[in-house]
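Trainee: Handing you this structure, nothing more for now.
Bear in mind these aren't lab numbers, they're just calculated from the coordinates by the rules spelled out. Since this is a predicted model, take the numbers as computed values, not measurements. Don't worry about glycine lacking a Cβ; one is built from the backbone with ideal geometry, like all the others, and counts go over all protein chains shown.
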Amino acid sequence: MSNPDLNAIRAAAKSIYAIAQPTPLVPSPHLSRKTGVEVLLKLECMQPTGAFKLRGAVNAVLNLPTATRGVTCCSSGNHGRGIAFAAQKYGLRAVICMSELVPKIKVSAIRDLGAEVRIIGHSQDDAQAEVERLVATEGLTEVSPFDHADVIAGQGTIALELLTARPDLATLIVPLSGGGLAAGVAVGAKALKPDIRVIGVTMENGAAMHASIRAGHPVDVVEVDSLADSLGGGIMADNRLTLDLCSRLLDDTLLVSEAQIYAAMQRLYHEDRLIAEGAAAAGIAVLVNGQIRNIAGPVAVVISGRNVDMTRFTDIINGQDIQLGQTRLKGQPYTG
Ligand SMILES: *Cc1c(COP(=O)(O)O)cnc(C)c1O
């Protein structure tokens, strides 16, 4: 495993496209009108697994030690699906450990790929304990969803695609949880274009990386139900890579509420005709709400995934109320 630098990202770009896809970068005329700068959407929702995490997962699986007996990870769903997809292609055993907060559609998609699934406890930390047990007792190799050099380099290939397509990009907006996506994109983009701005966006209910950057060390957050379920989970107390990279390379981290995520999912559907999960819509919310001061265009927003329960999704686009654990989120029809 090498440092997650531009060379590692270029190496990842030589191999991941055997399985992962380069994705379209499409204009959003209505967001451009609304913000006054050119806005482009990077459609990671078009990956075969429905989320960007396939890039890092494929890169990590291709770089596993040859003697491994298989691969294991904890996941909020999309990383596990990426690992399961790659493991199936290469005939490897995969065991994916998840908490009870992971939506059923994500769990069943992983099972359908032939991976073993373990559902443990109410947080990623509980699932992580099972991962450590599997590494110790069954000879499996762990691939962290974010704190892993090959995963970060894989996600960084997004930056190569972005700046190859549009060298004039001035601002990149990426959803932020454990920080593998933000770190990979920032490492790649800033190596190619040092003055580009990279902004991480996360939900205010459980913003672990945002709080950890401010504290200067990993901060634990309580995990609650969120529309942005893919942004759940902490950054691990023993974080080695992403806290340092995100602290040094992100120009800002911004927070969005559940109501803002709801409205952004509606907007992406009604205006851009896209199905995006809550995590993927977070970047749209900060744009629409003018949370980025002196924004410079062109702007690219990473639409990170589309793996949303379709009953919940149709409720949202129709303006229905949503039950999130114990709290009820008041719905509202989309009005533009
Ligand atoms: C995992 C994930 C994120 C956040 O990525 P990190 O590398 O954990 O910061 C954002 N959006 C989607 C859809 C995801 O699956």
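Trainee: Can you give the percent of C-alpha pairs in region 53-142 whose distance is more than 23 Å? Write out the running numbers ahead of the final one.
Mentor: Working: 517 of 4005 pairs.
So the portion of pairs separated by more than 23 Å is 13 percent.
Trainee: Here's another thing I want to ask about it. Could you work out the local net charge near G283, counting Lys and Arg as +1, Asp and Glu as -1, over the other residues with Cβ closer than 12 Å to its Cβ? List each step's numbers first, then the result.
Mentor: Values: positive: K42, R267; negative: E44.
That sum, taken over residues with Cβ under 12 Å, equals +1.
Trainee: Project the alpha carbons of region 277-324 onto their principal axes and report the range along each, largest first, in whole Å.
Mentor: 37, 19, 17
Trainee: Around V201, which amide H atoms from residues at least 5 apart in sequence, or from another chain, sit under 5 Å from its own amide H, with H modelled in the peptide plane?
Mentor: Result for V201 returns V174, L176, L254.
Trainee: Next question. Under the rule of -39500 (n - 2.57) per DSSP H run of 4 or more residues, summed and divided by the residues of the chain, what mean residue ellipticity at 222 nm is obtained, to the nearest 500 deg cm²/dmol? Please list the in-between numbers first.
Mentor: Details: 13 runs with 141 residues, N = 336.
Mean residue ellipticity at 222 nm (helix-derived): -12500 deg cm²/dmol.
Trainee: Continuing with the same structure: In what order do K193, K53 fall by count of nearby beta-carbon atoms within 10 Å, going from fewest to most? Present the calculation step by step, with values, prior to reporting the outcome.
Mentor: Working: K193 16, K53 33.
By the 10 Å Cβ count, ascending: K193, K53.
Trainee: Now for a separate question. Using 7 Å Cα-to-Cβ label points, what is the Y334/A129 separation (nm, one decimal)?
Mentor: My value for the distance between the label points is 4.2 nm.
Trainee: Another one. Please turn the phi angles of region 199-214 into ³J(HN,Hα) values with the Karplus equation 6.51 cos²θ - 1.76 cosθ + 1.60 (θ = phi - 60°), one per residue in order, whole Hz, x for glycine and proline.
Mentor: Per-residue couplings from phi come out as 10, x, 10, 9, 8, 5, 7, x, 8, 5, 5, 4, 5, 5, 4, 5 Hz.
Trainee: Next up: Under a 5 Å amide H to amide H cut-off, with H placed in plane at 1.01 Å, what residues pair with V71 once short-range neighbours are removed?
Mentor: Under 5 Å from the amide H of V71: R93, A94, V95, T141.
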